[in-house]
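Quick notes on the structure that follows.
The values are calculated or read from the model by the stated rules, or taken from the named source; none is laboratory data. What you see is a predicted model; the values in this text were computed from it and never measured. Here the Cβ positions follow ideal geometry from the backbone for every residue, glycine too, while neighbour counts run over all protein chains shown. The protein model used for the area step is the full one, side chains on, heavy atoms only, and it has no ligands, DNA or RNA in it. Shrake-Rupley method; radii C 1.70, N 1.55, O 1.52, S 1.80 Å.
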Amino acid sequence: MTNSSLWRTNEELSQIYNRHVQTIYKISIIYMKNQYDTEDMVQKTFIMLMKDKTQFQSEEHEKAWLIKTASNLCKDYFRSWWSKTVGIDEVTEVADNKFLLKDDILEKVLGLPSKYKSSVYMYYYEGYSTVEIAKILSKPESTIRGYLHIGRKLLRIEMEGDFK
């Protein structure tokens, strides 16, 4: 048996990748807003998996670990000194990718401020509970519920604006 990393075989890594790459891409695009940086973050997430010793209890644990890692990598990217040369709001190219559905509501969710869109996306599109989102994002449950409440309110305002 050939190991591709110290902790997981090529087959295990391939299975994990195939199970979760679309989710990790979706989470990363929420932060990065362009295809190239998103692909970099997805790649870095799976490289971290190759180096990590964590033994997952279930596929849900595996998925939560990958989402948390991808979210942290994306946040760290914008904290680094060289990424500050071009702000995220100045990026004109928005990813046109095969993993996100062309959906008016999803576009509005992706237009929310970062702290709201992550919670709203994970709750409605990935099916996580507020307790699970709180664990993944290392935030109190009440904060996540607050983000969801404000995110819904912002989406409602946006939707009402479309009908006027």
For this session: Using a 1.4 angstrom probe on the protein heavy atoms only, line up TYR128, TYR77, TYR17 by accessible area, largest first.
Result: TYR17, TYR77, TYR128
Exercise. Using a basic spin-label model with each label point 7 Å from the Cα along Cα→Cβ, how many nm lie between LYS108 and ASP40?
Worked result: 3.3
Exercise. Around MET50, with a cut-off of 14 angstrom between Cβ atoms, what is the net charge of the other residues, counting Lys and Arg +1 and Asp and Glu -1?
Worked result: 0
Problem set entry | Per-residue SASA entry for TRP65, accessible area with 1.4 Å probe, Å² rounded to 10 | 50
Exercise. Say the cut-off is 31 Å between C-alpha atoms; which of LYS53/LYS75; LYS44/LYS153; LYS51/LYS108; LYS53/LYS153 go over it?
Worked result: LYS44/LYS153; LYS51/LYS108; LYS53/LYS153
For this session: Once you have the Cα-Cα distance between PHE78 and GLU59, take 0.36 nm times their residue separation minus that, and quote the gain in nm to one decimal.
Result: 3.9 nm
Problem set entry | Residue-by-residue Karplus 3J(HN,Hα) for the range 17-27, coefficients 6.51, -1.76, 1.60, Hz, glycine and proline x | 4, 4, 6, 10, 4, 5, 5, 5, 4, 4, 4
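On a 1.4 Å probe surface of the protein chains, which of ILE67, ILE150 comes out largest in accessible area, and what is the full order?
Heavy-atom accessible area, descending, gives ILE150, ILE67.
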Seminar exercise, completed: Taking Lys and Arg as +1 and Asp and Glu as -1, residues besides LYS153 with C-beta under 13 Å from its C-beta add up to +2
